[in-house]
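See below for the structure under consideration.
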Amino acid sequence: MLVFIARRLFVSIWVFLASSVIVFFLSTQVRDPLAEARALPDGARENAIAEITERMHLDDPILVRYFRWLGDALAGDLGTNRQGQSVNTMLESAFSATVQLIVGATVLSIVVGISIGVISALRQYTALDQTVTFVAFICFSLPLFWVGTLLKQFLAIDFNDWLADPEISPLFIGGISLLTGLFCGSVVLGDRRSRLVAFASSAAAMAVLLAVLSATEWFADPGLGPVVVAITAVAGAIGFTTLVSGLEWQPPLRAALIAAAIGIVAYFALDPVLDNPQLPTIIGLALLTAAVCFGLGWYVGGDLYRRNAIPATVLTGLFAGAVIFTDRMLQSFADYSESVGGRPVSTVGAETPNYEGTFWESGLDSFGHLALPTLALVLISLATYTRYTRASMLEVMNQDYVRTGRAKGLSERAVVTRHVLRNGLIPITTLIAYDIGTIVGGAVVTEQVFGWSAMGSLLFTGIEQGDPMPIMAFFVVSGGAIVVFNMIADIAYAFLDPRIRLS
Amino acid sequence: MTQNAQPAGAEKTPAAPAAAQDAAAQGMSIVARSQGQLVRRRFFRHRGALAGMILFFIVVALAVSTIGAGPIPGWWDKDPMATGQVVDAGRPTLSVLPEFLGGGGLHLGEHPFGQDNIGRDYFALTMRGTQVSLVIALITGLVATFVGTLLGAVAGYFRGWAESVLMRITDVMIAIPTLLIAGLIGVIVAGRGIVIFAVFLGLCLWTQIARLVRGEVLSLREKEYVEAARSVGTRSRRIIFKHILPNTMGVIIVSATLMIASAVLTETALSFLGLGVQAPDTSLGRLISDYRTALTVRPWLFYWPGAFIIAIALSINFIGDGLRDAFDPRQTRVRD
């Protein structure tokens, strides 16, 4: 294995160097960097040309310029742009903006995409499956820049207008409830009657919920409140236990319910701490939650159920924490909305300039700026995950060992989570790694549509000014991500799938 | 009730006569079909693929017949580039709602997709953009498929140093983000026309097909019939083109189709960013980019090109899906 990794690393470095030569050569050819200087009036012209030539070493052959760049880059200096500004400084802010943009989008599309793919595979050839397939095909075919602009219009501008008078029209309530009902009705297995019951009850619940939210003008001043937090935490405990171990055994469920109860107590106990916390406090609390829940699962689970109780408890604890976090965030919404003039969903940039507020308010500020680009990115990559997960699940579900599992009387949950899901997700891991590699370079369009000055802006300045340095900085990050994550994908695949022989 | 013959051709396998007697005893008849017939049958039973095919032909027919191609004039009398009087704030005159439903009846009107701010007919403009985007996507797809197939087949068949070199070249191409290399090349060849642009775009996008074809060839070259061909002294070129590539046709055709769909999206995205098709040419991506600020005042200028991009990409994706099902011998769902 070590030899394999070492060889893979060696090859990756050479591949990366070779592609950097190509990119460097191409980026010296895009445009004449002296075009603006040549257009200057006599007198100023010669000076400007000489200055830029000197700064960019235009008199040297391209190979010499490349090796000068390579030497500097290996020492950690990515050079200066045509104006003489350090590219490293430009890269720092651009990189952090791009990371902000893609992390949320990637995590969301992985989680949602895989879930939908799994459901779709488990209900193969039903109306739900066919709808998912059709929607996935539409998502495959969407031009990102077009969708992004539409989202800006309808979700940002129109949504902000709507927030001024947040009343949901009956037609909208009816539509959403119908969709919810159809979804739940088609997920539930069983005869026509149980499907109808699922359809009717979920649709009615959704309609009542929306009507209440609309009547109380919840959207203008949202929040969850202790009751909803408590119900959600308990529901989370039951849900995670079902998923991890099933409800037949007591200890895991007991451990998870205790974790939920602790969460509810913490909701009140932590009130002063959560008024205006710092980011480290939140991270510390999350780690503490995980540790406490781990111990709880270990203790309550006992020798027999430890393996199931620990993941169920930790998931429940973190979920309860996330609910409390969301509640806090929502409670600051009214203040935040007022401070940005009633337009919380933003269409331009990564943050409101010069915005100052509590932790929750600046959190909302980032969220309001991230919402639309994230949604656009998710829409596009969701489809890939859904399709791949579905195909991979279906392939595993036809294997003999799955039939054996059913034949020896395992519950459907155990078959699906332990045998199908585990093996079906192996190819998805590599897909995720490849995808993360390409998304850094692929986010350029989204950044451009939503006016983020991120990695894409380096590329565009470079092209506009005929300047290789910013382009190379863009390449180092985006191409580097591709090479590194492709390597990770190969290694992970060899590691996860014992059928692969390393020779 | 008929029963499909085995894809490899029933008459060649020794089990076939027995199966035929068996089938005859049960009152069924066996119809021998060639591989091509089987694929065609499966394809045309795929509802999505059929719908995609029809939609694609409608778009192509519309784009070609309306404003014509080259010297041949089309039936639409307006020129995409001719400016004119802006009528009714440039609103579209297309009407599809019949009169008894409160609409204006079924007609195209003077400017079905409206006019832009200098009075150009947006229907003609969209058709011109569609033509350009289609031509670029087709050329890109063909070039990428050709290069990818050739490199993949050579690498897979010869193994050894040829494979190492070709696959490292593929790795190097993969390491460069598509938008980066395509954008740089797009700017470098700007102004040389759409065909050159499309060829170079194809030269950026062949890596996936090369890997796929190589994988297929790697497994096919170990087959007995290839060994037999080699043992009677057949030259490598003939083995590759006569014996191996025809058997990888399914994979190649499917990925070529999907490549065309993604080429449409890549080209429009590049043109949107200003790195692709340059004026005076236009494409669907350029149209959206040119009129992106018009969304609030003249939304139709924004909607139509997007709708055509989706129609093209969606229909080709569905055709590709149908082809994949049709070529996959493990496919059992769409048989009678």
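The values are calculated or read from the model by the stated rules, or taken from the named source; none is laboratory data. Here the structure is a predicted model, which is why all the values come from computation and not from measurement. Backbone-built Cβ (ideal geometry, glycine too); neighbour counts: all protein chains shown.
Test B:GLY186 against the criterion of being within 30 Å of B:ASN317 (Cβ to Cβ), in contact (Cβ under 8 Å) with a residue 60 or more places away in the chain, away from chain A (no Cβ under 14 Å) and under 21 Å from the mean Cα position of the chain (by Cα), and give yes or no. So B:GLY186 does not fit the description; no.
Scanning region A:313-348 for residues that are small (Gly, Ala, Ser) and in a helix (DSSP H, G or I), we see that the one that is surrounded by the most Cβ atoms within 10 Å (Cβ to Cβ) is A:GLY317. When each of A:SER381, A:SER362, A:SER337 is tested for being out of contact with any strand residue (DSSP E or B) (no Cβ under 6 Å at 6 or more places or on another chain), among the small types (Gly, Ala, Ser) and without any contact (Cβ under 8 Å) to a residue 12 or more places away in the chain, the lone residue that passes is A:SER362. When A:VAL345, A:VAL416 are checked against the criterion of being of a type in the set (Val, Ile, Thr) and over 23 Å from A:ILE110 (Cα atoms), a single residue qualifies: A:VAL345. In the set (1) under 18 Å from A:PHE140 (Cα atoms); (2) modelled with pLDDT of 90 or more, A:VAL402 fails one condition alone, (1).
Any residue at all in region A:431-439 that's more than 10 Å from chain B (Cβ to nearest Cβ) and more than 21 Å from the chain's Cα centre (by Cα)? Checking region A:431-439: not a single residue is more than 10 Å from chain B (Cβ to nearest Cβ) and more than 21 Å from the chain's Cα centre (by Cα). Just one of (1) away from chain B (no Cβ under 12 Å); (2) among the polar types (S, T, N, Q); (3) part of a helix (DSSP H, G or I) fails for A:THR446. It is (1). Does region B:283-298 include one or more residues that are assigned to a helix (DSSP H, G or I), at pLDDT 90 or above and away from chain A (no Cβ under 14 Å)? Among the residues of region B:283-298, not one is assigned to a helix (DSSP H, G or I), at pLDDT 90 or above and away from chain A (no Cβ under 14 Å), which makes the answer no.
Looking across region A:13-32, the residues that are under 17 Å from B:ASP171 (Cα atoms) and within 7 Å of chain B (Cβ to nearest Cβ) come down to A:VAL15, A:PHE16, A:ALA18, A:SER19, A:ILE22, A:VAL23. Restricting attention to region A:360-383, the residues that are β-branched (Val, Ile, Thr) and modelled with pLDDT under 90 total 1. Among residues of region A:452-474 being of a type in the set (Gly, Ala, Ser) and either within 12 Å of chain B (Cβ to nearest Cβ) or part of a helix (DSSP H, G or I) (or both), the one that is nearest to A:TRP69 (Cα to Cα) is A:ALA473.
Residues in region A:396-415 that are in a helix (DSSP H, G or I) and closer than 11 Å to A:GLY246 by Cβ: 3 in all. Filtering region A:349-370 down to residues that are in a helix (DSSP H, G or I) and crowded, with 19+ Cβ neighbours inside 10 Å, which residue is nearest to the chain's Cα centre (by Cα)? For region A:349-370, the residue satisfying everything is A:LEU370. Taking region A:168-201 as the range and being part of a helix (DSSP H, G or I) and touching a Leu at 6+ places or on another chain (Cβ under 6 Å) as the test, the residues that pass are A:ILE173, A:SER186. Looking at region B:210-229, can you tell me whether even one residue there is under 26 Å from A:ARG31 (Cα atoms), within 28 Å of the chain's Cα centre (by Cα) and in contact (Cβ under 8 Å) with a residue 40 or more places away in the chain? No.
When restricted to residues that are polar (S, T, N, Q) and farther than 24 Å from A:GLU51 by Cβ, region A:62-94 contains 1.
So, A:ASP60, is that one within 14 Å of chain B (Cβ to nearest Cβ) and part of a loop (DSSP other than H, G, I, E, B) or not? Answer is no for this residue.
If only residues of region B:165-175 that are within 8 Å of chain A (Cβ to nearest Cβ) and without any contact (Cβ under 8 Å) to a residue 12 or more places away in the chain are counted, the one that is surrounded by the fewest Cβ atoms within 10 Å (Cβ to Cβ) is B:ARG168. Listed conditions (1) modelled with pLDDT of 85 or more; (2) among the β-branched types (Val, Ile, Thr); (3) more than 18 Å from A:SER214 (Cα to Cα) are all met by A:ILE173, apart from (3). Beta carbons closer than 8 Å, at least 6 apart along the sequence or on distinct chains, pair a first residue in region B:255-281 that is surrounded by 24 or more Cβ atoms within 10 Å (Cβ to Cβ) with a second that is among the charged types (D, E, K, R) and part of a helix (DSSP H, G or I) for B:SER271/B:ARG286; B:PHE272/B:ARG286; B:GLY276/B:GLU267; B:GLY276/B:ARG286; B:VAL277/B:GLU267; B:VAL277/B:ARG286.
A:THR417 meets the conditions (1) away from every other protein chain (no Cβ under 14 Å); (2) modelled with pLDDT of 90 or more in every case but one. The failed one is (2). Could you go through region A:23-41 and let me know if any residue there is of a type in the set (S, T, N, Q), modelled with pLDDT of 90 or more, loosely packed, with under 14 Cβ neighbours inside 10 Å and outside any loop (DSSP other than H, G, I, E, B). Taking every residue of region A:23-41 in turn, none turns out to be of a type in the set (S, T, N, Q), modelled with pLDDT of 90 or more, loosely packed, with under 14 Cβ neighbours inside 10 Å and outside any loop (DSSP other than H, G, I, E, B). Here A:SER115 does not qualify as farther than 30 Å from B:GLU267 by Cβ and in contact (Cβ under 8 Å) with a residue 40 or more places away in the chain.
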